[in-house]
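Down below is the structure, laid out as C-alpha cells.
Any read-out appearing in this document is the output of simple, stated calculations on the displayed coordinates, not a laboratory observation. Remember, predicted model here, so these are calculated numbers, not experimental data. Backbone-built Cβ (ideal geometry, glycine too); neighbour counts: all protein chains shown.
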Amino acid sequence: MKIVISVAVLLLTTTTIFAQKVQVDVDKTVNFANFKTFAWAVGTVARNPFVAKIIVDAVEAELTARGLTKSSEHPDFKITVMAAVDADLQGVGPTWNNVNYATWGGYRNPAALVTISTGTLMIDLVESKNNYSVLRGVAKDTLNGGRTANAAADAKGVEKLVKKAVSKIFQKYPTPKNK
C-alpha cells in the first residue's frame, strides 16, 4: 500500500513539474547592459511571507548574478510581482504596461482589467526613468500548492517550482550571468 501511495505522489509531482508554463516578453528596444541597479516596488510580493521570501531571494539571485546591485536610491528599474497563490488576482492594468506585450495583454488601455489566474506568478521589471515595463515573465502552474494553516509548509510545497519559474524567466534576460 505504501508503494502505491508513493508512486501516486511521484506521478502527481512529476505532472505538476512538467505542467509549468513560462512565457516572457522583453522590450527589444532597451539596452539591458545599461541597467546597474534595481529595487522592489512598494507592495506585497505574496500574501504568504515565506513564499514572498522565496520569490525575492530567487529574483535577487538572478539579478546579482548578472552584476546588478540592489539599491533603494535611484534604481534603474523596479521589480513588481503578482503571485496568485490560492485565488485569482484582479486589478487595473498597470500604468507601466508595455503595449508590445501582446501575449500577456499589451493593453492599449492601461485601465483595462487584468486577471492573474490562481497558481500564476507574474514578474515585471519596470524601468524607473519612464515607469515602463521592459521585461514581463509569467509562470503558470507555479503556485498551486494550496493554502493550509501552515504557511511555512505551504511555501516549501511550491519552493522548487518558484525557483524553476524564476530561473526560466531570467533565461530571457538579455544580459547573461557573470562567469
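Would you list, by chain and number, the aspartates and glutamates whose Cα falls below 20 Å from the Cα of LYS36, excluding same-chain residues fewer than 8 positions away?
Excluding near neighbours in sequence, the set is ASP27, ASP57, GLU60, GLU62, GLU73, ASP76, ASP124, GLU127.
Fewest first, what order do ILE116, ILE123 take by the number of other Cβ atoms within 10 Å?
Ranking ILE116, ILE123 by Cβ neighbours within 10 Å, fewest first, gives ILE116, ILE123.
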